[in-house]
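Read-outs throughout are calculated quantities, based only on the coordinates presented, and are distinct from any laboratory measurement. Every value quoted in this text rests on a predicted model; they were computed, and no experiment measured them. In this analysis, Cβ positions are derived from the backbone assuming ideal geometry, glycine residues included, and neighbour counts consider all displayed protein chains.
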Amino acid sequence: MKRLKLTLILLVGIGVYHGYAQTQLTLQEALKFALNNNKQLAKTKMDEEMGKFKTQEVRSQALPQLNGNASYTDNLKLQQSLIPGQVFGKPADSSVLVAFGVKYNVTAGAELSQQIFNQAVFTGLKAAKSGEEYYTLQTQQSEENVIYAVTQLYYQLLVTQEKITTVNSNIEKLTELVNATKSQFDNGLAKKIDLDRIKVNLTNYVTQRTQLLNQYAIQTNLLKRQMGMPLQSAFTLPSASLKEIERKASGVLQYDDMNLANRTEYKVLKKQEELQNFQKKAYQAEYYPSLSLFGRYSYNGMSNQWLMKNDPSYMTTWFSASAIGLSLKVPIFDGFGRRSKVSQANVSIRQINKQLEDTELALNTDYENAKLQVRSNLSTITMQKENVDLANEVYYSTQNNYKLGLAGLTDLLNAETSLTDAQNSYNEALLQYKLAELETIKSKGSLRDLLN
């Protein structure tokens, strides 16, 4: 219920319910919504819940065990035994076949047992607690994967939105140019071929906008799916976010050395190593003797009549029995089965150690590459920003010269194309920078900082 209320608050906050106006969805809102609604993450949280129940299951083995039993037996044919005949006054070399027991037996009882020493159970308790922590780490890793995926899609959607804005601006400028050129053509001041060339460029931009809108719709659906948001929901992204990216990218970023202990992937492997060591100890514990305390009580009835009436004519006898004691089990020889299990555990531990070494190398490599990408993209952003400013200056200068008849239409269209390319390259540079920064944040194990 608490989770449902939080989801409703987030839904209302970003305007996804029908009847609410669309509002801007910030990255932090998208991440919080995803952590509460991502389907795969919900499954992982169930695994974590399952881990707690498994711990309780193992813990139960160290608690007293009480079992009840009852039986009703109809001895269709009683067991018979040979008795020397002299017991019944017959010759010594003779024998008599005698049936023992009664036709009906009833038993009801209970048995209580308690482990006093069982190394396998004690080791299992420690392993169960460690297993519970392992499931918690898996949930953390799944949450970080969701944060990473949502952030990636969010930035891609943001840049696509900026590209659409750029295309819309170009369409608006070319539309004005078409109208002006058509007016000149109608007055005999422009050629038809000039008008047609501008229309061709305008049509190309309209087609490009259609493609970008389709791409935007696809990326939006992918983001909704990753967030666990219904596809019929609607939201917009704040257009000012790229300016924030530009502002952060304008400074010189300093990154400390990565601490592997902060990486959840590394923690998961270390926990797997710990669990495998517990498994080895559990196999070794099978060499130890086990000691348990037990107590039994039963109430029994014997009769030749199925009604079991407490009546002398029915020959019914009722009696109780009880016992307490200690049970000791000492393993002696199992055909080297336990030794094989321990050897297998040793191999598994060595495999995990190799995996840890490989993961350490991979994580350090990813971190160094991410830093290189950030530095490279910082330089690219600076150059592309200068290129956009220069392209803007060239375009407006050429536009003024075109109006004054000092520049041809070809010059104007070329300047406009160069400006568009520069704007798109700049937006793409901002995206690549942000993705590289995301990789760096992930490498440092600080993805959760994006929630703030």
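Entry note: segment 42-159 has Rg to Rh equal to 1.52, where both radii use alpha-carbon atoms and Rh is the Kirkwood radius. Computed from Cα positions, the angle between helix 27-37 and the longest principal axis of the chain comes to roughly 30 degrees. Considering only the Cα atoms of segment 348-452, their convex hull presents on average a projected area of 9.8 nm². How are the Cα pair distances of segment 137-190 distributed, in percent, across 5 Å bins from 0? Reading the bins upward from 0: 5, 17, 10, 11, 9, 8, 9, 6, 7, 5, 4, 4, 3, 2, 1, 0. Over the chain, DSSP H runs of length four or greater, each weighted -39,500 (n - 2.57), average out per residue to a 222 nm ellipticity of -22500 deg cm²/dmol. Listed by Cβ neighbour count within 10 Å, with the fewest neighbours leading, SER142, SER376 appear as SER376, SER142.
The residues neighbouring LEU189, those whose beta-carbon lies less than 15 Å from its own, together hold a net charge of +2 under the Lys/Arg +1, Asp/Glu -1 convention.
Computed from Cα positions, the angle between helix 264-285 and the longest principal axis of the chain comes to roughly 10 degrees.
Taking a ≥ b ≥ c as the square roots of the eigenvalues of the Cα gyration tensor, segment 180-225 is prolate, since a/c reaches 1.5 or more and a/b is larger than b/c. Here's how it looks for SER95: its modeled amide H is under 5 Å from those of GLY85, which are all 5 or more places away or on a different chain. Taking every alpha-carbon pair under 8 Å whose residues sit at least 6 apart, the chain reaches a relative contact order of 21 percent. Residues of segment 406-420 with the amide nitrogen closer than 17 Å to a label point 7 Å from the Cα of ASN187, along Cα-to-Cβ, please. Answer for segment 406-420: 406.
Counting every other Cβ atom within 10 Å of each residue's Cβ, LYS182, LYS267, LYS442 order from fewest to most as LYS182, LYS267, LYS442. For segment 120-161, the Cα-based Rg and Dmax, in that order, read 18.3, 60 Å. Just how far, in whole angstrom, is segment 41-114 from segment 302-360 if you go by their alpha carbon centroids? If you average the Cα positions of each part, the centres end up 14 Å apart. Size descriptor for the chain, Kirkwood hydrodynamic radius: 30.6 Å (Cα pairs only, one decimal).
Residue by residue, segment 97-107 carries 3J(HN,Hα) couplings of 7, 10, 8, 10, x, 10, 6, 10, 9, 10, 9 Hz when phi is fed to the Karplus relation 6.51 cos²θ - 1.76 cosθ + 1.60 (θ = phi - 60°); x denotes Gly or Pro. Every Cα-Cα pair of segment 149-235 was included, and the share exceeding 21 Å stands at 47 percent. A Förster distance of 56 Å, applied to the separation of the beta-carbon atoms of SER71 and GLU49, puts the FRET efficiency at 0.90.
This ranking places PHE336, PHE117, PHE185 by how few other beta-carbon atoms lie within 10 Å of each, fewest first, which gives PHE336, PHE117, PHE185.
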